Structure formats: C-alpha cells, structure tokens
Amino acid sequence: MPAEGDVSEDAVLGGKLVLRQPVRGHRFGHDAILLAAATAAHTGEQAIELGAGVGAAGLALARRIEGLGVTLIELDPVLSALSRDNTERNALSKRVRVLCLDAAAPAVAFAAAGLDLGLADHVLMNPPFNAPQNPSPDADRRMAHNASHDTLARWLHTAMRLLRPAGVVTLIWRADGLGDVLTALTAGFGAIAVLPIHPKPGRPAIRVLVRAVKDRSGALALLPGFVLADADGKPSKQAEAVLRDGDALTLTES
C-alpha cells in the first residue's frame, strides 16, 4: 500500500462510494463510472472487471446492484491492494473479491486463482488504449493507458473464456478506435450496441461504450449519443443522473 501522503480519498456517485487512489499516476475518472452504468447486470448474477485499477467501475456496479457478485482483476499489486482496501471501506467485501492477475493471462492462471471459466454473466473492461509511441513519463500511467497492438483482442479473448453462453461484455474505448473494437468483437461476439460519448453538444464523440453478447448474432445498433456537458461546460442532466445519482445507462434490451 502507498504511504498516506501518496493517496487521496475521493467520493463518487454523490458520495455513495468513497475510493482511495494514488495521488500520482493513473487516476479513475468518468470512464469508470460510465462503464459501470452501462453494465446491465442483475441481482444474483456474477460480473468480472478486467483491469480494475482501484476498483472504481466494479465497486460502482456493486453499489448500484444489490446482490450482484463482482470479481475485480488487476495486475498492479499496489492498485490491487487499494482495490481490496476500497472494497472493505465501502462494506462490499461480502460480494466483491479482488485478484491480482494479468487480464491477458492464460486460462490456467485464472483457474489457479480460483476463478471458474464460463460462468460469468458479465465482463466489463476499460483496457489500455493509447499508442505505445506516445508513452507517459509516469510508469503507472504507462501501464494503465498504453496498449500493444493486440491488447484489446487479448482482453476480449479472456472475456470470451470467462463468460457463460450468451454472457455480455461491456467496454469503453476511444471513439476514433471504434473500428478496432468492432473488428476484435468478430471473434465470437455479436448483437453489438454502441453508445457514443460526446463532451458537448455538436462536438465529436471522445469515447464509445460498447456492449456485445457471446456467441450471438444480430444487427449492429448505433444509439443516440450521450452528452457530458452543455454548451457552457456545465454537466448535462443526463450526465448528472449517471455520474452523481448512479442511474444506469441502457445500451440495449437484455
């Protein structure tokens, strides 16, 4: 665990969740909360977050859905320890477990960690998505943000192994990389829905939320965009409802 002075304590979802995270390096933001909101899980199901960091998305999902079991998978031991601490601090330990594990590890590593394959109802992920030729000088930020050419495909391969038949993967990615996401999903996923995320009205999307179903066919659904702020930069009512009040984001019908 980092020293106290190296960690901040930050409230999200209007104070419903309080998370400790490093002062320097990778810090969670709107992406994690949007990802949690877009994951249409239900009570009694099992969800797995790949690359959980300090647990922002997975814990936000567990807070929204009572009775949901959540597994947080994080490679970095410092972030993994903070994720475990955040789980305990938010009184979610009975339903949330944390594994220090590479999201792209082989199946044998997941089995050795006690994670059964083919039983998850949902996998959610916010994979690293920056080109390695533009690395951050901070080592932790490089690990969190920089991807190799096959990072997305490898994480989706892991999701495929973890999900039950007709299980759902939900991810957030750069809007200008949507083509890469759709290509990667052709290996075993279908019934894809895409929700563009816009910073302001009339501005190009900066992120896309994508939902796809294992071993299912279906037409691609491009949904009306989600706008984070109005023309004056104030949070939109839609964004306030999701980011502060904890409302769900519906990508498609279950």
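What the table below lists for this structure:
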item	result
Selection count where residues are closer than 17 Å to L195 by Cα, of a type outside the set (A, V, I, L, M, F, W, C) and in contact (Cβ under 8 Å) with a residue 12 or more places away in the chain, scope the stretch 231-251	3
Condition check for V78: part of a helix (DSSP H, G or I) and more than 17 Å from the chain's Cα centre (by Cα)	yes
Residue match in the stretch 43-52 (condition: in a loop (DSSP other than H, G, I, E, B), surrounded by fewer than 20 Cβ atoms within 10 Å (Cβ to Cβ) and not acidic (D, E))	yes
Close pairs (8 angstrom Cβ cut-off, 6 or more residues apart or separate chains): over 24 Å from G67 (Cα atoms) in the stretch 88-117, surrounded by fewer than 13 Cβ atoms within 10 Å (Cβ to Cβ) and of a type in the set (S, T, Y) anywhere	none
Members of the stretch 10-19 found to be more than 15 Å from G53 (Cβ to Cβ) and charged (D, E, K, R), listed by number	K16
Helices (runs of 4 or more DSSP H) fully within the stretch 131-242 counting 3 or more residues that are modelled with pLDDT of 95 or more and touching a strand residue (DSSP E or B) at 6+ places or on another chain (Cβ under 8 Å)	151-162, 178-185
Odd one out for L209, checked against (1) within 15 Å of the chain's Cα centre (by Cα); (2) without any contact (Cβ under 8 Å) to a residue 24 or more places away in the chain	(2)
Residue within the stretch 53-62 that is at pLDDT 95 or above, assigned to a loop (DSSP other than H, G, I, E, B), touching an Asp or Glu at 6+ places or on another chain (Cβ under 9 Å) and surrounded by fewer than 24 Cβ atoms within 10 Å (Cβ to Cβ) present	no
The stretch 89-111, subset over 19 Å from Q46 (Cα atoms) and out of contact with any strand residue (DSSP E or B) (no Cβ under 7 Å at 6 or more places or on another chain), residue surrounded by the fewest Cβ atoms within 10 Å (Cβ to Cβ)	V108
Of the criteria (1) surrounded by fewer than 17 Cβ atoms within 10 Å (Cβ to Cβ); (2) more than 22 Å from I48 (Cβ to Cβ), which one L228 fails	(1)
Qualifying residues in the stretch 1-42 (those that are among the small types (G, A, S) and not in a helix (DSSP H, G or I)) - the one surrounded by the most Cβ atoms within 10 Å (Cβ to Cβ)	A41
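Residues are listed down the side, and each one gets a yes or a no for (1) in contact with a helix residue (DSSP H, G or I) (Cβ under 7 Å, 6 or more places away or on another chain); (2) small (G, A, S):
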{"site": "G51", "(1), (2)": "no, yes"}
{"site": "V54", "(1), (2)": "yes, no"}
{"site": "A62", "(1), (2)": "no, yes"}
{"site": "E66", "(1), (2)": "no, no"}
{"site": "T71", "(1), (2)": "no, no"}
{"site": "D76", "(1), (2)": "yes, no"}
{"site": "D85", "(1), (2)": "no, no"}
{"site": "A91", "(1), (2)": "no, yes"}
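The values are calculated or read from the model by the stated rules, or taken from the named source; none is laboratory data. Here the structure is a predicted model, which means the values were calculated and not measured. A quick note on method: Cβ atoms are made from the backbone with ideal geometry, for glycine too, and the neighbour counts reach across all protein chains shown.
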